[in-house]
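Notes to accompany the following structure.
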Amino acid sequence: MKGSLSIFNSKYTVLFNLISLLIIISASDYIVGRFLKNYYFKQKAGVYYSTTYSLQEADQDIMIYGSSRALRHYSPAIISAGLGMSCYNAGRDGQGIFYVEAVIKAQLKRYTPKIALIDLHEEMFKYGHEKIDRLSCLLPYFDSQPEIRPIILKRSKFERIKLLSNVYPYNSMILTIAKNNFAKAGDHYGYMPLSRKMRPSELPPPPKKTKTFDKSSINPDTIKSLETICNMLKTHDVKVVLLISPYFGGSQDPDMKEIVKAHAMEWSVSFFDFSGDENIMQDYRYWADRIHMNNDGAMAYSKKINRVLSQIY
Amino acid sequence: MLFNSIAYFIFLPIVVLLFYVIPHKYRWALLLGASYYFYMSWRPEYALLIIFVTVVNYILGKKIYNSDSSKKRKVYLWLSIISCLSVLVVFKYDKFIGETLQSVFQLFGVGFTIPALDVILPVGISFYTFQTLSYTIDVYNKKKAVENHFGIFSLYVSFFPQLVAGPIERSTRLLPQFYQKHTFDYQQFRHGLQLILIGLFKKMVVADRLAIYVDQVFGSPQNYDGLTFIVATVFFSFQVYCDFAGYTDIAIGSAKILGFDLMQNFKRPFLAQSLTELWRRWHISLSTWFRDYLYIPLGGNRVHLSKWCWNIVFVFTLCGLWHGADWTFVLWGTIHGVGLVVERLLSSIKTFGRVIDFNRKTKHVFSIFATFLYFNIALMIFRPNNISDAIYIINKTFTHWGELYIGSPAVFIYSLFGILCVIALDVKQEWFDDKIKLFHNKHMIIRQFSYASIVILILMLGVFDEGQFIYFQF
């Protein structure tokens, strides 16, 4: 009798301990998660703020989308002055076409820009898990932006389970959130210029042209995503311009450009290839590294964009 | 299936629940099925290799046990060794052997190409082949009776908690546990969960975070200078430790929940005061495997000093080769062997210790630092992608320190935080385990908040990309 009673008691102890542990973990997760969320959306500067602004507040006539190359190569101030329309740069470091799709989906729910400039990077269309993984920057918007959920859920089949946590959406962000809550608000309309200039001593060797183009390296989902973007924008009467900005020393993957060009024609959208622009690609003073132009390069390039766009629109 | 994936945390509770619900006599079948499912969720076809190793060694184990002729027993043992090693040679070392032979023949002006198999390295191949070999060698040495139950033997080869990255168990320890009737033990269950939690912290918060910086630097060494290589190497030492020790903690914890006791694999290695001690604390299941099945049969400590020196260098060179099919690993093993030889020779010079009259604490700190330094110098050869990168990195480290590359300041600070946490944990366990109690505190509320803090830290700072464990490639 005494033995069975102790087993009975020990079972309840186990159950009690497990339940109390779950309660403490859930409560801690809720408190820390709410704290992080509060300060995340209080930011008025930095890359997280730029994403929040792009998704939830931006209302400019011209929107620039893309990866770090879009973010560093297009000056909204110059484009805005040249075309007489407001402009915002919604590019983001390390992102690809799925991020662009998410931003555009969220924006079209709210408002319709007049012109969409989408900067395409050759690597955007290639397989690479990290591109999906980097969509973690959209996790804070999972609750508030239902239209982008399918894109966020591409990350993994267990993403919904992970999102049961209130802390998880702000994973690895705490230091940046803390820093940006003290930072001065930016006034570059999303554009984040690079000041660094490449030195002649660190000039990279000229890029090797890919001998045989491997079509299997292209992720068809990325092409489909770009098609979805173009169709969505066209449905809303947004003028779509696909662009490839310059690379130092010229393009590394000319075949990829041909594919994008062919698709642009098929989808009836404008396509401009500046990847081999002679004036910019050869002048190392315009470059921070082989992929990214510095502020001087971005200014020169943005002026060129203005000339082209003003002829069309 | 990775230990740091959601899939594993769905899989494990199901297995645990079924394990305690079904009768004891069917449990081996459940664990065997679960183990194969666990392995086959990666690449189903490679389960055939485990089946091959299992069947061959089951038959040869029986033959060794039942044979009276010592000559025949030896033949069967060698067949077992050859069968296991041939699997390793074909699937792990074929390219390495081919390239080495080509280079040797080119020296004599003979040029030819040996085609490589070009297959993906089967996960855990070095672990389960060594574990299986330990069984046949134990049977040959009459340390272990033959295992007649094919299902139990198959489970010994493929037991999922330690299948892909150890600890490399011994038949004398693990096989009898499959016959024991395990009842649910709350204390063991709790201890298992604690280990899993700590393992996840080491893997996700420390190892995977450090990997971001380390991979960047060693991936393109031409972009960095000596100071960056020093930092990246120290980061890598903690990365590889936390990656592997984290995996081991999860493995031991998972087995503990099921009532099984796996051997300890790490014992705070960076607090070792000599290389000899380091190898008693680092990857213990591998170092003891080489000790028991290679070093002792070669004569152990009972041979002449010159032969002992040769044996140590030979064993550690093979230990290096076990880690991977590249000269970087071989050289790394040799460096450790040479280090152990030098250490013994120096310790045999009685006056050496009196050259500098350290007090005891200073001597401990100095010894720990010197051991860690030697370990890191060896890692500068272990981590680079090839020998030429290793030479470049070492050359740059000793000739041009240059600027320190930080990369993302946030990632760098998280990395330092992770390292500090691991050092604090190891120091606590080594010297203050009785004084500071968190997981074992008598107050439930402190225990619960300790668990919750680790969970929140993992959610807040862990890397959730389900990164591979480094030792899977070995």
Of the DSSP H helices in chain B, those whose Cα atoms cover at least 24 Å axially and whose Kyte score averages -0.5 or more: B:24-40, B:47-66, B:70-88, B:226-257, B:305-323, B:327-348, B:360-382, B:409-431, B:444-461
Calculated from DSSP H runs of 4 or more alone, at -39500 (n - 2.57) each and per residue, what is the 222 nm mean residue ellipticity of chain A, nearest 500? -15000 deg cm²/dmol
Kindly express, to the nearest 10 degrees and within the range 0 to 90, the angle between helix A:295-312's C-alpha long axis and the longest C-alpha principal axis of chain A. 70
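Relative to the compact-globule scaling 2.2 N^0.38 Å, provide the ratio for the alpha-carbon radius of gyration of segment B:25-115.
1.55
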Segment B:290-352: trypsin sites (Lys or Arg not before Pro) in DSSP loop, at most 14 other beta carbons within 10 Å: B:Arg302, B:Lys350
Residues with amide H under 5 Å from that of B:Asp185, placed H, sequence gap 5 or more: none
Hey, rough spin-label estimate for A:Ile218 and B:Gln429, points 7 angstrom out along Cα→Cβ, what's it come to in nanometres? 5.1
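In deg cm²/dmol and to the nearest 500, what is the mean residue ellipticity at 222 nm of chain B if only DSSP H runs of at least 4 residues count, each as -39500 (n - 2.57), divided by the residue total? Walk me through the intermediate numbers first.
Numbers: 19 runs with 311 residues, N = 474.
So the helix-based figure for chain B works out to -22000 deg cm²/dmol.
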So the label point goes 7 Å from the Cα of A:Asp237 along Cα→C-beta, right? Which residues of segment A:84-115 then have their backbone N under 12 Å from it? A:112-114
Name the residue farthest towards the positive end of the dipole of chain B from the options B:Gly407, B:Ile114, B:Cys421, assuming +1 on Cβ of Lys and Arg, -1 on Cβ of Asp and Glu, about the Cα centre. B:Cys421
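Strictly greater than 31 Å: what percent of every Cα pair in segment B:195-461 meets that? Don't skip to the answer; put the middle values down first.
On the way: 11823 of 35511 pairs.
So the portion of pairs separated by more than 31 Å is 33 percent.
Run the dipole for segment B:195-461 about the Cα centre, Lys and Arg Cβ at +1, Asp and Glu Cβ at -1, nothing else charged, and hand back the magnitude in debye, nearest 20. It would help to have the intermediate numbers written out before the result.
Working: 24 positive and 17 negative charges, 201 e Å.
Its charge dipole is roughly 960 debye.
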Can you pick out the pairs among A:Lys257/B:Lys203; B:Lys25/B:Lys142; A:Lys197/A:Lys239 whose Cα atoms lie more than 29 Å from each other? A:Lys257/B:Lys203; A:Lys197/A:Lys239
Can you tell me the Rg and Dmax of segment B:173-249, counting just the alpha carbons, in angstroms? 18.5, 58
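Taking only Cα atoms of segment A:18-125, what ratio of Rg to Rh do you get with Rh as the Kirkwood inverse-distance radius?
On the way: Rg = 17.9 Å, Rh = 15.6 Å.
Answer for segment A:18-125: 1.15.
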With the convex hull built on the Cα atoms of segment A:44-312, state its orientation-averaged projected area in nm². 14.6
Binned at 10 Å starting from 0, the alpha-carbon pair-distance distribution of segment A:71-135 in whole percents comes out as 18, 46, 30, 6, 0
Viscosity 1.567 mPa s, temperature 4 °C: what is the translational diffusion coefficient of chain B from Stokes-Einstein with a Kirkwood Rh over Cα pairs, rounded to a whole number of µm²/s? 54
Above-threshold pairs, the threshold being 31 Å between Cα atoms, out of A:Lys37/A:Lys154; A:Lys37/B:Lys202; A:Lys42/A:Lys303; B:Lys62/B:Lys95; B:Lys143/B:Lys202: A:Lys42/A:Lys303; B:Lys62/B:Lys95; B:Lys143/B:Lys202
Find the eigenvalues of the gyration tensor of the Cα atoms of the protein assembly as shown, then list the square roots of 5 times those eigenvalues as equivalent ellipsoid semi-axes, largest first, in whole angstrom. 51, 33, 28
In debye to the nearest 20, how big a dipole does the protein assembly as shown give about its Cα centre with +1 on each Lys and Arg Cβ and -1 on each Asp and Glu Cβ? 2540
Any idea how far apart B:Leu346 and A:Ala27 come out in nm if each label point goes 7 Å out from Cα toward Cβ? 5.4
Expressed in nm to one decimal, what extension gain is obtained for the pair B:His149 and B:Ile377 from 0.36 nm per residue of sequence separation less their Cα-Cα distance? 77.4 nm
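Bear in mind that the values in this text are calculations on the coordinates, not laboratory data. Not measured: the values here are computed from a predicted model. Virtual Cβ from ideal backbone geometry, glycine too; neighbours counted across all protein chains shown.
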